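Below is one structure; the comments refer to it alone.
The values are calculated or read from the model by the stated rules, or taken from the named source; none is laboratory data. The structure presented is a predicted model; accordingly, all values stated were derived computationally and were not measured. Here the Cβ positions follow ideal geometry from the backbone for every residue, glycine too, while neighbour counts run over all protein chains shown.
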Amino acid sequence: MTAEYNLTNLVNWQQQAAQYLIKGDYAQAASLYEQAIEAEPEIKSYYWHLGLMLMLQGQEAEAQMTWLLAIAEGEPEQVDQWTGELLEVLQTEAERREELDDYAVAWAIRQHIREINPRDINNLLQIIQLSLSLKTFILEDLTQLGVINLLQSEETKTVDPELLLQVLQNVLSQAPPHQTLVELTAACLPWVKDTDRFVETVARASIEIGHLAKCPTLAAELIELCLRLDDQNLDVLTQLTAFYQNSQQYDKGIETARRCYSMAQELSHKVYASHLLMRGLTGAGGHRQEAVDVFQKHKSLLSALVQERPTHLPQGWNLSLHSSTFFLPYFKDEAKENRLIQNQLAELCQVNTRNYAKEQAERYSKRVLTKSNGHAYTKPLKIGYFSHCLRMHSVGWLARWVFRHHNREQFQVHAYMLNNRQTNDPIQDWYIGQSDKAYQFPPNGLQIAEQIYEDEIDILIDLNSTTLDISCEIMALKPAPVQVTWLGWDASGIPAIDYFIADPYVLPDTAEDYYAEKIWRLPETYIAVDGFEVGIPTLRREHLDIPSDAVVYLSGQRGYKRHPDTARLQMKIIKEVPNSYFLIKGFADEESIKGFFNQIAEEEGVSCDRLRFLPNDPSEVTHRANLGIADVVLDTYPYNGATTTLETLWMCIPLVTRVGEQFAARNSYTMMVNAGITEGIAWTDEEYIEWGVRLGKDEALRQQVSWKLIKSKQTAPLWNGKKFTREMEKAYEQMWAKYVESSNS
C-alpha cells in the first residue's frame, strides 16, 4: 500500500492500520490516518492514532502538535472527553508493549501520558516499573515523578494496590540502601490491602539491607513500619531486635527481645527469643548477671526443645534455631556439654529442613549415591566455597591465600556468595576474579543449594557454620557428596557434614568423642596467611594521656567476649604492674562497657584512671597499625580472639592467652604455637596472671618474643599460605578417595 492509496477503496482500512502497527510499519499506518483525517476531519480518534504513529517514528514534536491541535478547538467539556480518549489510546498501546516486553517503547508512551496527566499515580508507578526493568531506575526518579507526594496526598483517590506492591518490592530489592526507601514504604501504608504480603515484602528487603548491605539502622526503620499494620507480628519483632542490636541500639534491642520472649507461645519461638535477649545483653557488654541468668534458662529451653522434637517447623523458624546455640561457648568452657546440645539441635534442624524441602533432599541423596561409580576421583576436583563473608570481613581476609595458591590444574574453584549489594568492596571483587565460577545470590538457601547441585560440586566447604542460618540449611540438604566446615566458626553439628577441619592444637585429642563430624586434623595448623595489609597508625600515647615509659596493655574484642572472670584476671595484672595502662576497644555499648570494667577495676583496687576506652578504627588496615601502641595484648576467655590474634602476632606483639578445652578457647594457642612462640600461653587462671605480669615487667622478655615473631615470618607454618594450601588440597583428595571407596563398596 502506498501513501497515495485511495482510502475510500479500502473497507477495512482501520484493521490494515492496526496490522501495520503490529508489524512496526508506522509510516504506512500514519499515511492511512492522514488520509482518514483528510476524508473525515471531525473524527478525533484519527488524530490520536496519527500522533501515536508519529511518536513511534521518533517524531515527538509532530506527535504532540497533532494532539494539541485536535484538542485545542474544543469546548472545556469536549477537551476533557477528547483527552480521556487520547489517554485510552496511549494506555492501550503501552499495555500491549508491556506484554511484548518492549519496555523502552512502553516507557516512552507512558512519559507522554504523564505529560498529559502528571497526577495519574498508576501511570507513574508503571513508569517506575519500566525503569526498573530497563535498569535505568534511580532513587531520584521517585522525587522527580512526585510518586511519594502523590501517595501521601489526600487528593489521590485510587491506587492499584497490586501494582503498588509490585513496584515497592522491586524498588526495595534493586535500589541501593537509602532513606528514600523508608519514605516510599511509609507512603504505601494507607494503600495496603494485603497486609501479609506487604509485611513479607518489607521484611525480606530489610533482611538484605540490614544483614547483607550492612545498614542495620536503615533496616530497623524500614521494618518498624510493618508494626503500624501488625504490632503483634513476632517475625517482624525478632528481625527488628537483631537490627537494633546490630546498629548498636542496645537498649532498644534488649527491650524488643524481652517483648519477643513474653509474646512467644511455641517453644521454638521462645528459644530464639531467648537467644536474641542473650545476644543483646552480651553484645552491650555490661549486663552480665542478667545475661548469666538468661543463659541458664536458655540451656533449659534448648533441652526441652530437643526432647519435644518438633518435625514440621516452618522454614523461617527452623532457620532461626540454627544460631540459637551460638553463645554457649561465650559463657562457659564446657566443650563436651556444649557440643552435645549443639549436635542435638543441629540434627533436629536437619530433620525439619529435609521435611520442608523433601523432594530436593531426596534428589540430592540419589545423586550422591551414584555419582562416582567407576572412577577413583575426577580431575580436576570441583571445590565449592560458600560464605557470606568473602568480602571485607575476617573470613574474607583469611581465606584469600587458599584461593590464591590453589593448583588450578587439579582443583576447580567455585565461589557461592550472598550478594551484599556493595559494588565497591575490593575483596569481594577479588574473590570473583580468583574463582573459576563465582555466584552472587540473594538470601535463599534452597536456590543456592540447587546451583551447587547443578554444578556437580565434589567437595563443598562451608565457611560460615552457625554464624549464618542459610549456610546450615544448605549443608543439611547435602547438595555435594562431601561436605566440610572450615574457618568461619566451630563445627555446626549438622549430620550431613562429613568433616571439620582442625589441627593438632585447636581441639584436644578427646574431641572426637563429642563431635558429630569427623575431625580432619591438618599436620600443623588449620589456618595460615601470607600476611596482612597494614596502614598508618593514628593512635599515639600522648593523645591518650599515657606516659611514654608506661606499659600499655590492650584488649580489642567485642562485647560478646567480655567475661567478668577474665576481666577480673586482667585487672589483677594491671594492679601488679606499676605504671601500666589498659586500653579497651571493640563493639559494645559505650556506657555499659565502661560500667562493666570500671566496677571490676574498683573491686580489684585498680584506679579507673588507668583504663582507656577506645573507639573502633575506620578500617582494618588502620586497626592493625594501631595495635602497635600496645606492649602486651591480653586475650579473652572462654572465647579467644581469632583474626585479632593473627593480627597481633603479625604485628609482633606479645600475647597472653588462657587455653581451654573448646575450639573457641584454643584458637590463640594453636596460632601462637604455629608462630613459633610459647611465651604467654597459660593453662590456668594463675598462669594467665603470671604471664601478664611477667611480660609487663620484663621489657627484655617482650623484646625477645617480638624478635621471635619477626623471624617467624620467614619460617613459621602460620605465615606460609602456599604450604597450607597444599595441605588442604591433600586433605581434599584424601576425602574424595574415601568417598569413592565407600560409594563403590
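Below, the figures for the structure above:
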read-out: Every residue from the range 51-74 that is charged (D, E, K, R) and within 17 Å of P41 (Cα to Cα); value: E73
read-out: Qualifying residue in the range 644-665 (condition: in a strand (DSSP E or B), surrounded by 21 or more Cβ atoms within 10 Å (Cβ to Cβ) and of a type outside the set (A, V, I, L, M, F, W, C)); value: yes
read-out: Selection count, the range 430-449, where residues are surrounded by fewer than 18 Cβ atoms within 10 Å (Cβ to Cβ), farther than 22 Å from M392 by Cα and out of contact with any strand residue (DSSP E or B) (no Cβ under 9 Å at 6 or more places or on another chain); value: 1
read-out: Leading residue by the ranking (surrounded by the fewest Cβ atoms within 10 Å (Cβ to Cβ)) among those in the range 110-125 that are in contact with an Asp or Glu (Cβ under 8 Å, 6 or more places away or on another chain) and not in a loop (DSSP other than H, G, I, E, B); value: N122
read-out: Candidates S668, S745, filtered to the one that is more than 25 Å from E334 (Cα to Cα) and either out of contact with any Leu (no Cβ under 9 Å at 6 or more places or on another chain) or not hydrophobic (A, V, I, L, M, F, W, C) (or both); value: S745
read-out: Answer from Y103, Y46, Y26 - the residue that is modelled with pLDDT of 95 or more and assigned by TED's automatic domain parsing to the domain that holds V147; value: Y103
read-out: Selected residue [touching a residue at least 24 places away in the same chain (Cβ under 8 Å) and either in contact with a helix residue (DSSP H, G or I) (Cβ under 8 Å, 6 or more places away or on another chain) or of a type in the set (K, R) (or both)] from Q166, Q111; value: Q166
read-out: Qualifying residue in the range 560-581 (condition: buried (at least 20 other Cβ atoms within 10 Å of the Cβ), modelled with pLDDT under 90 and within 18 Å of L281 (Cβ to Cβ)); value: yes
read-out: Criterion (modelled with pLDDT under 90, of a type in the set (G, A, S), over 21 Å from Q360 (Cβ atoms) and in contact with a helix residue (DSSP H, G or I) (Cβ under 8 Å, 6 or more places away or on another chain)) met by exactly one of A415, A438, A376; value: A376
read-out: Of all residues in the range 204-220 being part of a helix (DSSP H, G or I) and out of contact with any Leu (no Cβ under 9 Å at 6 or more places or on another chain), the one that is surrounded by the most Cβ atoms within 10 Å (Cβ to Cβ); value: P216
read-out: Residues being in a strand (DSSP E or B) and more than 24 Å from the chain's Cα centre (by Cα) - total across the range 376-398; value: 2
read-out: Of all residues making up the range 8-20, the number that are buried (at least 22 other Cβ atoms within 10 Å of the Cβ) and over 24 Å from L100 (Cα atoms); value: 0
read-out: Residue count for the range 527-556, restricted to those that are polar (S, T, N, Q) and more than 37 Å from the chain's Cα centre (by Cα); value: 1
read-out: Residue within the range 43-52 that is on the phi > 0 side of the Ramachandran plot and under 53 Å from the mean Cα position of the chain (by Cα) present; value: no
read-out: Selection from the range 583-618 of residues that are assigned to a loop (DSSP other than H, G, I, E, B) and modelled with pLDDT of 95 or more; value: E604, G605, V606, S607
read-out: The range 21-48 residues that are under 19 Å from H112 (Cβ atoms), paired with ones that are not in a helix (DSSP H, G or I) (beta carbon under 8 Å, 6 or more apart); value: Y26/Q57; A30/Q57; Y46/E40
read-out: Number of the exception - L544 against (1) crowded, with 20+ Cβ neighbours inside 10 Å; (2) touching a Leu at 6+ places or on another chain (Cβ under 8 Å); (3) touching a residue at least 40 places away in the same chain (Cβ under 8 Å); value: (1)
read-out: Checking L277 against (1) at pLDDT below 95; (2) under 19 Å from K332 (Cβ atoms); (3) of a type outside the set (V, I, T), the condition it does not meet; value: (1)
read-out: Looking only at the range 21-78, and only at residues there that are assigned to a helix (DSSP H, G or I) and of a type in the set (D, E, K, R), the one that is surrounded by the fewest Cβ atoms within 10 Å (Cβ to Cβ); value: E77
read-out: From G285, G253, residue being on the phi > 0 side of the Ramachandran plot and not acidic (D, E); value: G285
read-out: Criterion (more than 30 Å from N744 (Cβ to Cβ), in contact (Cβ under 8 Å) with a residue 24 or more places away in the chain and surrounded by 16 or more Cβ atoms within 10 Å (Cβ to Cβ)) met by exactly one of I536, I494, I501, I527; value: I527
read-out: Elements of type helices (runs of 4 or more DSSP H) contained in the range 247-336, each with 3 or more residues being more than 20 Å from D231 (Cβ to Cβ) and touching a residue at least 60 places away in the same chain (Cβ under 8 Å); value: 267-284, 315-322, 328-331
read-out: Residue within the range 722-738 that is polar (S, T, N, Q), assigned to a helix (DSSP H, G or I) and in contact with a Gly (Cβ under 6 Å, 6 or more places away or on another chain) present; value: no
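Residues are listed down the side, and each one gets a yes or a no for (1) farther than 22 Å from G696 by Cα; (2) among the acidic types (D, E); (3) not assigned by TED's automatic domain parsing to the domain that holds W397:
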site	(1), (2), (3)
E533	yes, yes, yes
S548	no, no, yes
Y553	no, no, yes
G556	no, no, yes
G559	yes, no, yes
Q570	no, no, yes
F587	yes, no, yes
